[in-house]
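The values are calculated or read from the model by the stated rules, or taken from the named source; none is laboratory data. Bear in mind the structure is a predicted one, so any value in this text is a computation, not a measurement. Cβ: placed from backbone, ideal geometry, glycine included. Neighbour counts: every protein chain shown.
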Amino acid sequence: MMKYSYLLFILFFNLFSAQKLQVVDSENGKPIPNARILLHNQIVYTNEEGLAPVDQSSVNFEISASGFQKVTIQEFYSPVKLKRGYKKIDEVKLIKADLKQIFEDVASHYKKRYYNEPSLYDVTYKEKRIDNNQIHFLVIAETKLWSKTNFYNRNKSFDNNLQMQLNNVKYFKDLKSDSMFVKGIKKFSDEYMGNYFFNFELNRALAHVKNKASKYSGWIFFEQGDEQFITFNIKSGLGIEMEGELKYNKADKVITYFEIRYLQDQYPIVKRRTGEGEEFDYQLGNAILVFDFYKNAGVYVPAMSKIEGNKYVAYYKGVKHERKISRELIYNTFKKSDEGLTPRVDFKKDIWENTSVKENKNNTILLTTEEQAFVNRKLPDFRSK
C-alpha cells in the first residue's frame with residue numbers, strides 16, 4: 001500500500017511539475033518575476049519566484065522581460081535563462097533619448113497606434129495586501145474585461161470605460177487588518193478607474209515633464225531589433241520625483257512596456273483618521289505602475305497592467321504598520337467584440353461583493369510558496385466562542 005501511495009505521489013508530482021516553467025537571470029540564476037510568456041493562444045507571466053504555468057507540450061513561444069533580451073523557445077525546457085540587455089552598467093555607452101518627444105508623440109497618436117475598438121479579454125486578476133511583511137489579504141480570480149475604446153475617457157462613468165465580469169474566484173482570503181485600513185465609500189474616481197489605462201498614466205507623466213520647473217532625462221541602454229530599452233528620471237516642478245524604464249518600438253512608434261516609480265517615502269508624516277475617527281500618523285510610500293503591450297494580428301493590445309504601493313507607514317495605537325498593496329491584471333486572451341458584459345461588476349461597491357459567474361478555465365497563474373502558505377493557513381473559528 002505504501003509503495004502504491006508513493007507511486008501516486010510521484011505521478012502527481014511529475015504532472016504538477018510539467019505545468020511549471022521557470023525563468024531566471026543567466027548571470028546569477030536569480031528568478032525573474034513578471035517575465036511575459038507569449039504562447040500560441042494565451043499569455044502568462046512568471047510570479048515572484050520566476051515560475052509560470054506552461055505545459056511541456058508548448059512549442060515556439062516567446063519570453064521577454066524588462067532589461068533582458070527577448071528569446072523564442074522552440075521546445076519546452078526549464079529553467080530558461082535570459083541574457084541581460086547589457087553586461088555591466090559601467091560598460092554601457094548611453095545614448096540620450098528625447099523623453100518629452102516620445103511621450104508627446106505617443107500620447108497625441110495613441111488611438112491610432114493602440115487598438116481603439118471594442119474588445120473582450122480573459123483576465124487573471126490578482127490583488128494582495130501585506131502588513132509588516134505578512135500577507136493579510138489575497139484574491140486571485142478569473143474575470144472577463146470589456147472595453148469600448150481601450151482608452152480612458154473622463155466621462156464620470158465606470159461602465160463606459162470598463163466592464164468586468166467575475167467568472168471564478170479561485171482564491172479569496174482576508175484576515176481583516178486593523179480599522180485604519182477600512183475602505184472608504186466607493187464613488188467614481190478618475191484615479192481609481194484611470195489606473196486601469198495606460199493613456200491615463202502616460203498623460204500624467206507627460207504633465208510632469210512639461211512642467212516649466214521640471215528636470216528630466218532619458219537614456220537608451222540597448223536595442224534589440226526595432227525595440228529600444230530606455231531608462232528615465234523626472235523631477236517635477238511640483239516636488240514629485242519619478243524614475244522608470246520603457247521599451248520603445250521605433251518602427252511602430254509605440255511604447256510596448258512602461259514602468260514608472262513615484263518616490264514618495266521621504267515626504268513628511270501627516271495626520272489621518274480611521275473609519276472610527278481615531279487620529280494616527282501616516283507617511284506616504286512609493287508607488288509603481290506597470291503597463292505591458294504586445295502585437296496581436298497587427299494591433300497593439302494590453303498584456304498586463306500592475307499597480308503597487310510599498311513602504312506606506314502608519315503608527316497606530318503605538319504599533320508601526322508598514323503596508324504593501326498590489327493589483328495585477330494579466331490579459332490572457334484578446335478578441336474583438338462589440339458586446340458588453342452581462343452581468344457585470346458594480347464598481348460602486350467592493351468588487352468581491354459582486355456575484356461570480358461560474359466558468360472554470362485552465363489555471364493561468366501559480367501561487368508563490370508564501371502565498372500558498374497563506375491560503376493553507378486555517379482561520380480561527382469564532383463561532384464557538
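Within region 228-259, the set of residues being within 14 Å of Val106 (Cβ to Cβ) and part of a strand (DSSP E or B) comprises Gln228, Ile230, Phe232, Leu246, Lys247, Tyr248, Asn249, Val254, Ile255, Thr256, Tyr257, Phe258. Which numbered condition in (1) under 23 Å from the mean Cα position of the chain (by Cα); (2) not in a helix (DSSP H, G or I) is the only one that Tyr77 fails? Tallying (1) under 23 Å from the mean Cα position of the chain (by Cα); (2) not in a helix (DSSP H, G or I), Tyr77 fails exactly one: (1).
Once region 155-170 is narrowed to residues that are touching a residue at least 40 places away in the same chain (Cβ under 8 Å) and of a type in the set (D, E, K, R), the residue that is surrounded by the fewest Cβ atoms within 10 Å (Cβ to Cβ) is Asp159. Among residues of region 246-257 that are buried (at least 21 other Cβ atoms within 10 Å of the Cβ), those with a beta-carbon under 8 Å from a residue that is assigned to a loop (DSSP other than H, G, I, E, B) and small (Gly, Ala, Ser) at least six positions away or on a different chain give the pairs Lys247/Ser66; Tyr248/Ala97; Tyr257/Ser66. For region 293-309, a residue qualifies if it is at pLDDT below 95 and within 14 Å of the chain's Cα centre (by Cα), and exactly one does: Gly309. Checked against the criteria, Arg204 counts as in the same structural domain as Tyr331 (by TED's automatic domain parsing) and assigned to a helix (DSSP H, G or I). Among the residues of region 273-292, those identified as within 28 Å of the chain's Cα centre (by Cα) and not in a loop (DSSP other than H, G, I, E, B) are Tyr282, Gln283, Asn286, Ala287, Ile288, Leu289, Val290, Phe291, Asp292.
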